[in-house]
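Have a look at the structure below before the remarks.
Values in this text are rule-based calculations from the coordinates and carry no lab data. Keep in mind the model is a prediction, meaning the values are calculated, not measured. Neighbour counts are summed over all protein chains in view; Cβ atoms, including those assigned to glycine, are modelled from backbone coordinates with ideal geometry.
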Amino acid sequence: MENIKLIGDYSFKVQPSEVDFRQKMTLPNFMKYIISTADDHAATLGLALGNVATKNKSWVISRLAIELKRYPITDEKVRVRTWVKKVMRTFSLREFAFMSEDGSEVWGYASSIWAMIDKDDRHTVNLTNIISSDILCDEPCPIDRVGKIPNIDVEPSESFVIKYSDVDLNQHLNSCKYIEHIIDVFSLYKFCKRDIKRFEIEYIAESLFGTKIDILKKGEGEEGNRYTIELKNEKGDTICKSKVIFSDQTLNEEYIIK
């Protein structure tokens, strides 16, 4: 393979539509950057959605862990670097670094696990037959990967129905929308006091337009900064699980809730 770039390097400018009431970029928009850079870098390796779709295949994200020390704000430039760390039979490990435009300050990292599926039977494809070890990169990503997230046994705290703006090109709940609905269970007051410092999500099952989804939330510890979230469909099947960990320190900034 000639002229392959083991590390993709991309730059984004944070738009006003990508921030919250604090002018900090939201986690669902970090997820959009992750998907965009993953697909663009995969394209340089001949493995982007456009390439594999011609063979009736598609990439799906299985797990993600993201840790952030600092959130970029409106009009700030974000540099995102990505690389493929490991390829297994049914999964590949892709990692990310988020940093200032000049690369002098690292703001956070993400570690993700992806599978390739056959679009007809939705079964995973053997990646070792498709991906060469030549594309692997040993760049460090100093955060823990997503472990097993436990099920929780509580009553749903709220629910939603999957609508038009929730679905992706397969008419399933969009991977960014899972995150959006998960963090929406927290109040504005919570975000006045804390940033999410680590977010984990395990995508388990796809859900179609019109499906009612229940959200279960369980806090851990006296401080209330660690939570497990579980999304279940109408049949009671779990479609995803998430772990949300807020910062231990109270933010210095002052925010007014109207």
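Of the chymotrypsin sites (Phe, Trp or Tyr not before Pro) found in the stretch 152-235, the ones in coil according to DSSP and having at most 15 other Cβ atoms within 10 Å of their Cβ are F209.
Across the stretch 250-258, coupling constants 3J(HN,Hα) worked out from phi with the 6.51/-1.76/1.60 Karplus curve, θ = phi - 60°, read 6, 5, 6, 5, 10, 10, 9, 9, 8 Hz, and Gly and Pro carry x. Centroid-to-centroid, using Cα positions, the stretch 92-128 and the stretch 181-258 are 22 Å apart. Which of the trypsin sites (Lys or Arg not before Pro) found in the stretch 11-104 are in a DSSP loop and have at most 13 neighbouring Cβ atoms, other than their own, within 10 Å? Qualifying residues, ordered by number: K55, K69, R89. Filter the trypsin sites (Lys or Arg not before Pro) in the stretch 132-207 down to the DSSP loop ones having no more than 13 other Cβ atoms within 10 Å, then list what survives. Filter output for the stretch 132-207: K148, K163. With helices as the sole contributors, the chain gives -4000 deg cm²/dmol at 222 nm; each DSSP H run of n ≥ 4 counts as -39500 (n - 2.57), and the sum is divided by every residue. When the alpha carbon gyration tensor of the stretch 165-214 is reduced to an equivalent ellipsoid, the three semi-axes, largest first, read 25, 12, 9 Å. Within the stretch 1-146, the proportion of C-alpha pairs whose separation exceeds 25 Å stands at 29%.
Eigen-decomposition of the gyration tensor built on the alpha-carbon atoms of the chain gives equivalent ellipsoid semi-axes of 29, 24, 16 angstrom, largest listed first.
In the chain, a dipole from Cβ-located charges (positive for Lys and Arg, negative for Asp and Glu) runs towards its positive end, and of F191, L169, Y109 it is L169 whose Cα lies farthest in that direction. Counting Lys and Arg as +1 and Asp and Glu as -1 over every other residue whose Cβ lies under 11 Å from the Cβ of K86, the net charge comes to +1. P(r) tail, the stretch 80-207: Cα-Cα pairs separated by more than 19 Å, 65% of all pairs. Which of K197/K241; K190/K258; K86/K119; K32/K193; K212/K241; K190/K212 have a Cα-Cα distance over 20 Å? Exceeds cut-off: K86/K119; K32/K193; K190/K212. The tail of the calculated P(r) for the stretch 147-258 beyond 26 Å holds 23 percent of all Cα-Cα pairs.
Label sites at R89 and Y164, each approximated as a point 7 angstrom past Cα along Cα to Cβ, lie 4.4 nm apart.
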